[in-house]
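Chemist: Sending over a structure as structure tokens; questions will come in a sec.
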Amino acid sequence: MKRVLLVEDNASNRKLLGDLLRRAGYEVREAEEADEGVALALAGTFDLVVMDIQLPGTDGLTATRLLRAHPVTQGLPVLAVTAHAMRGDEKRILAAGCDGYVAKPVAYKQFLAEVARLLAVGRDAVADPVAGGVTR
Ligand code: MN
């Protein structure tokens, strides 16, 4: 069973996305803030992180940069979830090291498809466009 770390401060969003992932067959660990999420990611064995970008304290982009900077989590795929639906933000999000991007309100099918895609290709394929024709 694939393990997903869900970092989201909003309780109802966390429940919604968590339930969605669990119903889709994933094992889900939830974190309310970035620092907790980063600590869990470094200690645990996760296959994917779903990262809310707007978080109190350390924000999701800073947390993603921390994950990218650490050898343990360098290759861990990160799917960003954000209320900001602007194109410029997508660029900023990908530049921070996120591998995908879903805007709130989250379209369930698109969200689960993106989760499945990132779990399938991982980070290595994403980082090397030549390998699988995958572009960021
Ligand atoms: Mn939030």
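The values are calculated or read from the model by the stated rules, or taken from the named source; none is laboratory data. All values derive from a computational prediction rather than experimental measurement. Heads up, the Cβs are rebuilt from the backbone with ideal geometry, glycines too, and the neighbour counts pull from every protein chain shown. Keep in mind that these areas ignore ligands, DNA and RNA; they rest on the heavy atoms of the full protein, side chains included. Shrake-Rupley method; radii C 1.70, N 1.55, O 1.52, S 1.80 Å.
Chemist: How about segment 93-111: which of its residues are in a helix (DSSP H, G or I) and either at pLDDT below 95 or open to solvent by 50 Å² or more (accessible area, probe 1.4 Å) (or both)?
Modeler: Result: Ile93, Leu94, Ala95, Tyr108, Lys109, Gln110.
Chemist: Which residue is nearest to the ligand (Cβ to nearest atom), if the candidates are limited to segment 58-69 and must be open to solvent by less than 30 Å² (accessible area, probe 1.4 Å) and among the small types (Gly, Ala, Ser)?
Modeler: Ranking the candidates gives Gly60 first.
Chemist: Are there any pairs, at least 6 apart or on different chains, whose C-beta atoms fall under 6 Å, with the first in segment 53-66 and over 16 Å from Glu90 (Cα atoms) and the second assigned to a loop (DSSP other than H, G, I, E, B) and of a type in the set (D, E, K, R), and if so, which?
Modeler: Listed by first residue and then by second, the contacts come to Leu55/Asp9; Leu55/Glu33; Pro56/Asp9; Gly57/Glu33.
Chemist: Another question about this same structure. Which one is most open to solvent (accessible area, probe 1.4 Å), of the residues in segment 21-57 that are in a loop (DSSP other than H, G, I, E, B) and within 12 Å of the ligand (Cβ to nearest atom)?
Modeler: Among them, the one singled out is Glu32.
Chemist: Mind listing whichever residues of segment 44-55 are at pLDDT 95 or above and over 15 Å from Ala80 (Cα atoms)?
Modeler: Scanning segment 44-55 gives a single hit, Phe46.
Chemist: If you go through segment 70-88, how many residues are within 16 Å of the ligand (Cβ to nearest atom) and either in contact with a Gly (Cβ under 7 Å, 6 or more places away or on another chain) or open to solvent by less than 10 Å² (accessible area, probe 1.4 Å) (or both)?
Modeler: 5
Chemist: Please find, within segment 3-20, the residue that is nearest to the ligand (Cβ to nearest atom) out of those that are surrounded by 16 or more Cβ atoms within 10 Å (Cβ to Cβ) and not in a helix (DSSP H, G or I).
Modeler: The residue in question is Asp9.
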